[in-house]
1. With +1 on each Lys and Arg Cβ and -1 on each Asp and Glu Cβ, how big is the dipole of region 1-92 about its Cα centre, in debye rounded to the nearest 20?
2. Residue 350 to residue 288: FRET efficiency via 1/(1 + (r/R0)^6), r the Cβ-Cβ distance, R0 41 Å, to the nearest 0.05?
3. Can you list residues from other chains, or at least 5 along the same chain, whose modelled amide H is less than 5 Å from the amide H of residue 326?
4. What are the ³J(HN,Hα) values, in whole Hz, obtained from phi via the Karplus relation 6.51 cos²θ - 1.76 cosθ + 1.60 with θ = phi - 60°, for each residue of region 30-47 in sequence order, with x given for Gly and Pro?
5. Within the chain, which DSSP H helices have Cα atoms that stretch 18 Å or more along the helix axis and a mean Kyte-Doolittle hydropathy of at least 0.5?
6. Where the centroid of each part is defined by its Cα atoms, how far is region 271-337 from region 24-70 in Å?
7. Starting from the amide H of residue 173, placed 1.01 Å from N in the peptide plane, find each other amide H under 5 Å away whose residue is 5 or more places distant or on another chain.
8. Got a sec? Charge dipole of the chain, +1 on Cβ for Lys and Arg, -1 for Asp and Glu; which of 353, 267, 147 is way out at the positive end?
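No lab work stands behind these numbers, since they all come straight from the coordinates. Remember, predicted model here, so these are calculated numbers, not experimental data. All Cβ positions, even for glycine, are placed from backbone atoms using ideal geometry, and neighbour counts span all protein chains on display.
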Amino acid sequence: MPDEGSPLGFATLAIHAGQPVDPSTGAVVTPIYQTSTYGQSSVGETHGYEYSRTGNPTRTALETCLAALEGAAHGRAFSSGMAAEDAILRLLNPDDHVLIGNDVYGGTYRLLSQVHGRAGVHFTSVALDDPAEVAAAWQPTTRMVWVETPSNPLLRIADIAVLAELAHARHAMLVVDNTFATPYLQRPLLLGADVVVHSTTKYLGGHSDVVGGFVATSDDEVAERIAFLQNAVGAVPGPFDCFLVLRGVKTLAVRMDRHCDNASRVAHALSANPAVDRVYYPGLSGHSGHETARAQMRGFGGMVSFTVRGGEAHALAVAASTAVFTLAESLGAVESLIEHPRRMTHASLSDSSLAVDPALLRLSVGLEDVDDLVEDLERALRAPPVNLD
């Protein structure tokens, strides 16, 4: 998908947007403004900042950069992806209704069911890649559609433009979690979404050394409310966290190209392995969302999920037997990770209708030599099943 909304290319924006040479020293890297407060010339006469919960120059640089990458007029950084999600859900009122995907991230489900649900927000899970099912599930109080595309963990693809049209015709907001795709591969606002959310912990940071979140929008009213919540609730990242994400973003374009290439090789290798039952990767021609992904994404991403023959016992054995893939939660960093969603990232869904297949494994394909990754998985797939008794 081509870059739009700026005369500069994506990689140029990633390196320069919001990050001018420091005027006082000439430093080419945005300084870490490690301060909690700022001196005032007189009461109310500031130099642009007064308290670091409200604003910090390092955070401003990050917010400006990420907003530019998403083609957004506004951006706000948070201390985690869940804090960013919480701020968006606080736009809702008691008795409002949300439509979510039927393979939504476990943390999002937990936030809705156990936090905002207690405050009177209702939700229904549907197949967001089926607009007819979305329309059929609509309620008079539906105010928001919450989309992950690709979804976590089944890598389903929703048509952002179609869902935006459907939501707007019914006076609702479309929120897109763009964590898996990143703005390098997909720019939801340009396809009609109202709000984009990220866990910057993942691909944007890219090195497993920071936790953060981000909200982007071009809606002035929504932006004003998100800014208020950011300050009033105070779930903001520290300046060093912002510095780390900014540093990671500078190499996002080249990293995502390698993630996509490696993931494609891994997905095709898994598809040919007799120990594998099914592979979920939108880059495979047999994937139900392949054509939609081709139309709205620059590439197919670095995430691959698959089920193994032999069920949970074999899946657990594979997860514990890799040497190059690290058994760990999270994703999107330079190193490859493997996890068992049913018992790890999506454990909060275990007692719900959205429970994940216990034979499913999720891969975050990193930047290692891809031959090593394929060999590691093929060796692990030969591991004998564990004893579940």
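1. Rounded to the nearest 20 debye, it is 200 debye.
2. After rounding to 0.05, the efficiency reads 0.95.
3. HN-HN under 5 Å from residue 326: 336, 337, 338.
4. Coupling constants for region 30-47: 4, x, 8, 7, 7, 9, 9, 9, 9, x, 10, 5, 7, 4, x, 9, 9, 9 Hz.
5. None clear 18 Å together with a mean of 0.5.
6. Rounded to whole Å, the Cα centres lie 40 Å apart.
7. 144, 145
8. 353
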